[in-house]
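Below is one structure, written out as C-alpha cells, with a few remarks after it.
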Amino acid sequence: MNKPFQTVTQNIVWQCPWYAVRQDKLLLPDGSHGVYNTIMKGPAVWVVPVTPSGDIVLIHHYRYTVDDWCYELPAGGVKPGQRLEEAAREELREEVGGVAGHLVYLGQFYTANGICDEVGHFFLATDVVLGEPTPEPGEVMTIHRKPITEALDMARRGQITDAPSLMVLLLCEPHLRQLIP
C-alpha cells in the first residue's frame with residue numbers, strides 16, 4: 001500500500017536518555033499541511049517467566065507517571081547492538097533475579113502506535129529459577145509468584161493494568177495452559 005502522508009521535514013525537538021520527541025511537518029492526503037509529534041523509542045522486550053512449579057512471576061511496580069502500583073511482567077529496553085534474547089534474559093535477571101532454562105520468542109507488537117514508534121517483542125521463559133533481583137535505582141517493585149490460572153484470572157479481572165503485560169499474558173495463554181501442572 002502507498003503511504004498517504006508525505007514527510008516534508010523532521011526535527012528532534014526534545015530528548016532524554018530514554019526517548020526523544022521528533023516533530024514532523026507533513027503534507028496530508030488532502031493536500032493540506034500538518035504537524036505530527038512522535039515519541040522515538042528503541043525496541044523493548046516483555047518476558048512471561050514460569051517457574052518449574054508452574055508459577056508466573058509478576059512484579060508489582062510503582063509507576064510515577066500514573067502514581068499507581070501496577071502488576072507487570074519483567075520488561076525493558078533493548079540496548080544498541082544487543083540481541084533481543086540477550087535483552088530478555090537481562091531484564092529477567094534484573095527485575096526478578098530470574099534465570100530461564102528455556103526462552104522462546106513468540107512475537108512482536110507496537111506499544112503505542114498513535115504516539116510512539118516503539119516495537120515490543122515478547123518471550124516465554126520456562127524453568128525459571130529465581131535469585132536476587134538487581135533493579136535500577138528508579139525501579140520500586142515487589143516480586144509475586146502466581147499460579148498460571150490465577151495470573152490469567154488477574155488479567156481478565158483488570159488487576160493487571162499495564163497494557164503490554166496484559167496483552168502478552170493473554171497472547172501466551174495457549175502456551176501457558178500446556179504448562180499447568
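Every number in this text was worked out from the coordinates using simple rules, so none of it is lab data. Owing to the predicted nature of the structure, the values given are computational and were not obtained by experimental measurement. Here the Cβ positions follow ideal geometry from the backbone for every residue, glycine too, while neighbour counts run over all protein chains shown.
Here's a check for you: in the stretch 2-51, which residue that is of a type in the set (Lys, Arg) and part of a strand (DSSP E or B) is surrounded by the most Cβ atoms within 10 Å (Cβ to Cβ)?
Arg22
Tell me which residues, restricted to the stretch 135-163, are part of a strand (DSSP E or B) and either closer than 20 Å to Ser53 by Cα or not aliphatic (A, V, I, L, M) (or both).
Taking the stretch 135-163 first, the residues part of a strand (DSSP E or B) are 141-147.
Across the stretch 135-163, the qualifying residues are Thr142, Ile143, His144, Arg145, Lys146, Pro147.
Going through the stretch 118-132 one residue at a time, which ones are assigned to a loop (DSSP other than H, G, I, E, B) and surrounded by fewer than 18 Cβ atoms within 10 Å (Cβ to Cβ)?
Within the stretch 118-132, Asp127, Gly131, Glu132 qualify.
Residues in the stretch 74-89: is at least one within 21 Å of Ala151 (Cβ to Cβ), part of a strand (DSSP E or B), over 13 Å from the mean Cα position of the chain (by Cα) and of a type in the set (A, V, I, L, M, F, W, C)?
Checked the stretch 74-89: no residue is within 21 Å of Ala151 (Cβ to Cβ), part of a strand (DSSP E or B), over 13 Å from the mean Cα position of the chain (by Cα) and of a type in the set (A, V, I, L, M, F, W, C).
Got a sec? Which of Val104, Val168, Val99 is crowded, with 18+ Cβ neighbours inside 10 Å, within 16 Å of Val45 (Cβ to Cβ) and among the β-branched types (Val, Ile, Thr)? Lay out the reasoning, then the answer.
Numbers: Val104 fails: crowded, with 18+ Cβ neighbours inside 10 Å; Val99 fails: crowded, with 18+ Cβ neighbours inside 10 Å.
The conditions single out Val168.
Considering (1) within 29 Å of Thr7 (Cα to Cα); (2) aromatic (Phe, Trp, Tyr); (3) more than 16 Å from the chain's Cα centre (by Cα), say which one Phe109 fails and leave the rest.
(3)
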